[in-house]
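Notes to accompany the following structure.
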């Protein structure tokens, strides 16, 4: 009998340790969950998933549901959807569906982590753009199918205990003696970590007897992953939402034609003729007011029907009384690198993504009449662009300096073109930009420019 009790205690301790382990939900290890079916001792089938997510402590939200506080506002993403939909309807196309020519258009959104009136806003805006583009690409990947994993369970226990069971007390005292040995080693470890003795004593108090317990758990995850090629950014909308929120919305386009061209860089890279075309020269003379809203990479077509790719990059510049020229030069190098990265991601990007939703509810009622309620409603988004490389030739066709219309931050930008070689020369003249001033507006939707492939 004692051997069985000792085995029981050891099993309880092992399961307690297992429950305390942290599961890895880092975006660097995103994998689909593989379900395995196990048979328990009774021959019943039970399923377990290859990974799980531990819930985090929830926080309370104060809600004001009065009529005067109900405000319906337009979001930049709404404005972008209206703009893109209106343009697509002219050619019989729609958002969020596969059109008759195989093209697909999606919109992704993200908010900046830095308000418009704080340093670092432009960097945060660039990050928000990248997040929005990734989220739009995740919607595209779902068209190829997604691995969905779900699990849910519900348990209800009701006990009505009167008095005490002498045998149970005897068994409990024996188990407590064995557990005390483990508690002592645990107490020592906690003490070494700086936990107060009074807190340790409180931890070791036996839990109050429950007479009613009802638990519910629901888990669902979605996994997608693939190499995407030829996905271009076609339009961007951004603007303030309220006093402390700034949203960036990105519309992307995929088509079989773009995918085919992205897979063959030699045919897509600009030749000497394209570099010196009227269309490229017109793009080189765009004002900062038009370019401040351009990010990402996009397909263009010159007057002779030749297609090429442009990458757009931006960086903020710290205003300083000393070494200002150095800050500007560093900003230009950063914006060029961002533009080159955007071209690379248009040509090919290896993506995996996972969304996880977890809901928990625990209702308890103790023998002394005390009641407890615990709930969690968690959502996780994990997206990883796996490291990949492409060898390509590029050329800067324009460096510009301007002011962001909302934050009034000084911005430098670079426009880069994908070329077939590095020995191509620019023969046409271009206008040298002075510092561009743009007007402040509530929403800033990127303008259409000549030659872009929508």
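Each residue in region 135-165 was checked for being within 29 Å of the chain's Cα centre (by Cα) and either within 30 Å of residue 212 (Cβ to Cβ) or surrounded by 11 or more Cβ atoms within 10 Å (Cβ to Cβ) (or both), and 17 pass.
Residue count for region 209-230 satisfying the condition of being within 18 Å of the chain's Cα centre (by Cα) and surrounded by 15 or more Cβ atoms within 10 Å (Cβ to Cβ): 7.
Residues checked against (1) surrounded by fewer than 16 Cβ atoms within 10 Å (Cβ to Cβ); (2) modelled with pLDDT of 90 or more; (3) within 18 Å of the chain's Cα centre (by Cα):
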| site | (1), (2), (3) |
| --- | --- |
| 232 | no, yes, no |
| 238 | no, yes, yes |
| 241 | no, no, no |
| 246 | no, yes, yes |
| 250 | no, yes, yes |
| 256 | yes, yes, no |
| 266 | yes, no, no |
| 273 | yes, yes, no |
| 277 | no, yes, no |
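Evaluated against (1) modelled with pLDDT of 90 or more; (2) more than 24 Å from residue 230 (Cβ to Cβ); (3) surrounded by 14 or more Cβ atoms within 10 Å (Cβ to Cβ), residue 174 falls short on exactly one condition, (1). Scanning region 364-380 for residues that are in a strand (DSSP E or B) and either within 21 Å of the chain's Cα centre (by Cα) or touching a residue at least 40 places away in the same chain (Cβ under 8 Å) (or both) turns up 364, 365, 366, 375, 376, 377, 378, 379, 380. Selection of first residues in region 207-229 that are within 30 Å of residue 159 (Cβ to Cβ) and of second residues that are surrounded by fewer than 15 Cβ atoms within 10 Å (Cβ to Cβ) and modelled with pLDDT under 90, restricted to Cβ pairs under 6 Å at least 6 apart or on distinct chains, gives the following pairs, ordered by first then second residue: 209/367; 211/159; 211/367; 212/158; 213/157. The set of residues in region 284-318 that are within 24 Å of residue 348 (Cα to Cα), in a loop (DSSP other than H, G, I, E, B) and in contact (Cβ under 8 Å) with a residue 40 or more places away in the chain comprises 293, 294, 295, 302.
If you check 321, 281 for being touching a residue at least 40 places away in the same chain (Cβ under 8 Å), farther than 24 Å from residue 108 by Cβ and over 31 Å from the mean Cα position of the chain (by Cα), only one passes: 281.
The values are calculated or read from the model by the stated rules, or taken from the named source; none is laboratory data. Keep in mind that this is a model prediction, so the values were computed, not measured. Using ideal geometry, Cβ is built from the backbone for each residue, glycine included, and neighbour counts are taken over all protein chains shown.
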